[in-house]
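Student: I have a structure I would like to understand better, so I am pasting it below and will then ask my questions one at a time.
The values are calculated or read from the model by the stated rules, or taken from the named source; none is laboratory data. Given the structure is predicted, the values throughout are model-derived calculations rather than measurements. Backbone-built Cβ (ideal geometry, glycine too); neighbour counts: all protein chains shown.
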2 protein chains.
Amino acid sequence: MANKKRTTLKDIANELNISPAAVSKAMHNDSRISDKTKEAVKRVAKELDYQPNHLASALRKGKSNLVGVIVPRTNSHFFSSVIENMESVLNKAGYNIIITQSNESFKKECKNIDTLLYTQVDGIIASMANETVDLSHYEKIKSKGIPLILFDRGENDLNVDYIGIDDYESSHMIVEHLISKGCKRIAHIGGFRRTRIYNNRIRGYVDAIHKYNLPHDNHLLLESSLTLEDGRVKMQALLKLDNPPDAVYVASDYAALGALQVLNEQNIKVPETICLVGFGNEPFTSFVRPSITTVKQHSKQIGEIAAETFIKRISEDNWKPKLDKNILKSELIIRSSSNK
Amino acid sequence: MANKKRTTLKDIANELNISPAAVSKAMHNDSRISDKTKEAVKRVAKELDYQPNHLASALRKGKSNLVGVIVPRTNSHFFSSVIENMESVLNKAGYNIIITQSNESFKKECKNIDTLLYTQVDGIIASMANETVDLSHYEKIKSKGIPLILFDRGENDLNVDYIGIDDYESSHMIVEHLISKGCKRIAHIGGFRRTRIYNNRIRGYVDAIHKYNLPHDNHLLLESSLTLEDGRVKMQALLKLDNPPDAVYVASDYAALGALQVLNEQNIKVPETICLVGFGNEPFTSFVRPSITTVKQHSKQIGEIAAETFIKRISEDNWKPKLDKNILKSELIIRSSSNK
DNA sequence: TATATTTGCTTAATCGATTAAGCAAATATA
DNA sequence: TATATTTGCTTAATCGATTAAGCAAATATA
């Protein structure tokens, strides 16, 4: 089966003996085209199975109606849910999305940005890879003059719209919860400080520890890549301390799961001996044994607000320097792993 | 910051007092352009931060170098891994991918196909939604004359290239494994028969049961949406039977997890009282207690072969009626839930 | 030295859809 | 009835990149 020649506006125009311009206007319900012509055009368009050529109209209009999305990975419930809700809002406004994943790699992230810009997206909504420190690729998006919106993994220095939860406050909430359960030596397996959200979680943890006059022991604060595997490694390190913690707050559910595996393997009672708290409310936190206390990040709102912010920016005639920083309140989901 | 005017070939041409055609050729290293001009063009292109306009070149060349991907959902390890490996192969061949998810909805899947065709992708690689029965949207892709490749969730009727595992044989393998563990009443929580892979798994299960002269009890074979929640419901139904099974083979890991939850809640020993087997090797199967025996689907190969098949099809001058049906052998991962 | 070939470009058309400008016919208003 | 306005189209240019065709100058070959 050879490639069928696709139907163009010109084909419809020839069929009806009118100009392609009239056909274009009829398809868009221009008020200067008669109802009779509109009907005829739409009838013939259907007959010939006309599909508009997006490339041509995007090129002419200078607008692709595509929004690029970059996430560290799609196989996390949080990102998948953000995308789903974002897409729903954008679809209603006539935009389609292109999803790309960086796999937490800086190089891949740069490549994704290039691909999206090359595809002429009208804007980019992104969450940064763990590895990303150099921001020049993001500056490139800004210099193109198209909206850039960051969520969850953002960067203050970039000066763009941002949607995320209050990580500093979330850490406070967790530490207070653990104190209320009688914990006295609270450890934190955090992410790398260079990533803003992890830095905020670490700051929140440290400040809360001080606020409630708990021992501030440097051995209790570890920086991690937050993979399941590294969660195991860091938990093992904590257990080897002369004076191990009675509670561990892990900055990601995956690493918390690794920590839980180690605790289970070593027959350490959770929560009786050590309380465990994760972050992100990944589905598995509710079905492992014991179920893991964690923080819900409101992925629905984050996705929706990100989409709405994009729409707002794209509709503005002149780029306003005022930015939105949407900091949502998170929610602590208390489960067995800290409920003693 | 107003939208900066983007640099075009014409800008470079004006700068060097040559024609845009010469610039275009220089950028593509045409042999009929002198090295001196090529160097000058590339220098100026860099100076002016030239980025080719994909829309224009794609429109002119009638080729977008984009491949559309449709998956039921991205937040499953299987699909995410298939995409990752597919992308890696396609990137090397100069293609970029656009990921869309149907969320198992037929309507959303149709919309995704429209979006991808509208974006002028050069081909589509898809795995069908559970809901999909009507195939007219897929026929639409075929009628455009662009390659369509299905993986995992395919359809014989469509007559397109397909990559997946041998589901029929996998069921045999599972039943044989359970028999070797001494199981005598093996139940199957399967997917809907209308989906080919689930139909094959059911057929494999039924044939294996007959082959080994096990009791063929209609109550032991259930059709399910295979969500975690429905896995719970179906497991509860099986436990209410007068003569409950001593092994349950579930056609998806998520539903198997729901089944496991019910078994744990009712203090039924797994594997001692009832053996459990899932399908798909989702990461959580290894870290729940007990860990779940499951089937590995070789997502890496599926992704790579799908990409290579696309490249093969797109490079063919004339569309050949001969199709590739790649049926890979699956692998049984034996874990605690069936290892008595 | 005369002709053929190669080199290095330019010109002009094209991919489809859109839109500013404009024109004739139909209709409305004075 | 004479002029103004509206209606319903057409014409032609445009968005950038690409490419077939072609031409003049440079170089190779007889």
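Student: Sort through A:E39, A:E47, A:E15 and tell me the only one that's farther than 26 Å from B:D122 by Cβ, away from DNA strand D (no atom under 14 Å from the Cβ) and of a type outside the set (K, R).
Tutor: Being farther than 26 Å from B:D122 by Cβ, away from DNA strand D (no atom under 14 Å from the Cβ) and of a type outside the set (K, R) holds for just one of A:E39, A:E47, A:E15, which is A:E47.
Student: Of the residues that make up the range A:101-112, is at least one in contact with a His (Cβ under 8 Å, 6 or more places away or on another chain), outside the structural domain of A:P283 (by TED's automatic domain parsing) and hydroxyl-bearing (S, T, Y)?
Tutor: No, because not a single residue in the range A:101-112 is in contact with a His (Cβ under 8 Å, 6 or more places away or on another chain), outside the structural domain of A:P283 (by TED's automatic domain parsing) and hydroxyl-bearing (S, T, Y).
Student: Restricting attention to the range B:111-130, report how many residues are of a type outside the set (S, T, N, Q) and closer than 17 Å to B:F151 by Cα.
Tutor: The qualifying residues number 7.
Student: Now for a different question. What about A:N112, is it crowded, with 16+ Cβ neighbours inside 10 Å and closer than 25 Å to B:K140 by Cα?
Tutor: When the stated conditions are applied, A:N112 does not pass them.
Student: On the given criteria, is B:T37 away from chain A (no Cβ under 12 Å) and in contact with a Phe, Trp or Tyr (Cβ under 6 Å, 6 or more places away or on another chain)?
Tutor: No: the conditions fail for B:T37.
Student: Look through B:L241, B:L226 and report the one residue that is surrounded by 22 or more Cβ atoms within 10 Å (Cβ to Cβ) and in a loop (DSSP other than H, G, I, E, B).
Tutor: None of the others qualify; the one that does is B:L226.
Student: Looking at B:V89, B:V69 in this structure, which one is buried (at least 23 other Cβ atoms within 10 Å of the Cβ), more than 16 Å from DNA strand C (Cβ to nearest atom) and among the aliphatic types (A, V, I, L, M)?
Tutor: Of the residues listed, the single one that is buried (at least 23 other Cβ atoms within 10 Å of the Cβ), more than 16 Å from DNA strand C (Cβ to nearest atom) and among the aliphatic types (A, V, I, L, M) is B:V69.
Student: Out of (1) near DNA strand D (Cβ under 8 Å from one of its atoms); (2) at pLDDT below 95, what's the single condition that is false for A:N3?
Tutor: It fails just one condition, (1).
Yes/no matrix, rows are residues, columns are (1) over 26 Å from the mean Cα position of the chain (by Cα); (2) surrounded by 17 or more Cβ atoms within 10 Å (Cβ to Cβ):
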site: A:V160; (1), (2): no, yes
site: A:G164; (1), (2): no, yes
site: A:E169; (1), (2): no, no
site: A:D207; (1), (2): yes, no
site: A:H219; (1), (2): yes, no
site: A:A256; (1), (2): no, yes
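Student: Quick one: A:V69 ticks every box in (1) at pLDDT 95 or above; (2) within 30 Å of A:G164 (Cα to Cα); (3) within 13 Å of DNA strand D (Cβ to nearest atom) except a single one, so which number is it?
Tutor: Single failed check for A:V69: (3).
Student: Follow-up. Taking A:E282, is it touching a residue at least 24 places away in the same chain (Cβ under 8 Å), in a loop (DSSP other than H, G, I, E, B), assigned by TED's automatic domain parsing to the domain that holds A:T195 and over 15 Å from the mean Cα position of the chain (by Cα)?
Tutor: no
Student: Taking B:L158 and the conditions (1) within 12 Å of chain A (Cβ to nearest Cβ); (2) of a type outside the set (D, E, K, R); (3) without any contact (Cβ under 8 Å) to a residue 40 or more places away in the chain, which numbered condition does it fall short on, given that it satisfies the others?
Tutor: All conditions pass for B:L158, except number (1).
Student: Between B:R32, B:R73, which is over 30 Å from B:E304 (Cβ atoms) and free of Cβ contacts under 8 Å to residues at least 40 places away in the same chain?
Tutor: The conditions single out B:R32.
Student: Let me ask another. State whether the residues of the range A:244-263 include one that is free of Cβ contacts under 8 Å to residues at least 12 places away in the same chain and touching a helix residue (DSSP H, G or I) at 6+ places or on another chain (Cβ under 9 Å).
Tutor: no
Student: Looking at the range A:1-59, what helices (runs of 4 or more DSSP H) fall wholly within it and have at least 2 residues that are more than 8 Å from DNA strand C (Cβ to nearest atom) and surrounded by fewer than 13 Cβ atoms within 10 Å (Cβ to Cβ)?
Tutor: Here the list reads A:35-47.
Student: Next question. Scanning the range A:262-285 for residues that are surrounded by fewer than 18 Cβ atoms within 10 Å (Cβ to Cβ) and among the polar types (S, T, N, Q), which turns out farthest from the other protein chains (Cβ to nearest Cβ)?
Tutor: A:T273
Student: Scan the range A:34-64 residue by residue and report those that are out of contact with any helix residue (DSSP H, G or I) (no Cβ under 7 Å at 6 or more places or on another chain) and within 30 Å of A:K107 (Cα to Cα).
Tutor: Selection gives A:G62, A:K63.
Student: What are the residues in the range A:169-207 that are assigned to a helix (DSSP H, G or I) and within 26 Å of A:F310 (Cα to Cα), if any?
Tutor: A:R196, A:I197, A:Y198, A:N200 - these are the residues of the range A:169-207 that are assigned to a helix (DSSP H, G or I) and within 26 Å of A:F310 (Cα to Cα).
Student: Follow-up question, since we're still on this one. Which of the residues spanning the range B:286-314 are in a helix (DSSP H, G or I), over 18 Å from the mean Cα position of the chain (by Cα) and within 14 Å of another protein chain (Cβ to nearest Cβ)?
Tutor: B:S286, B:F287, B:R313, B:I314
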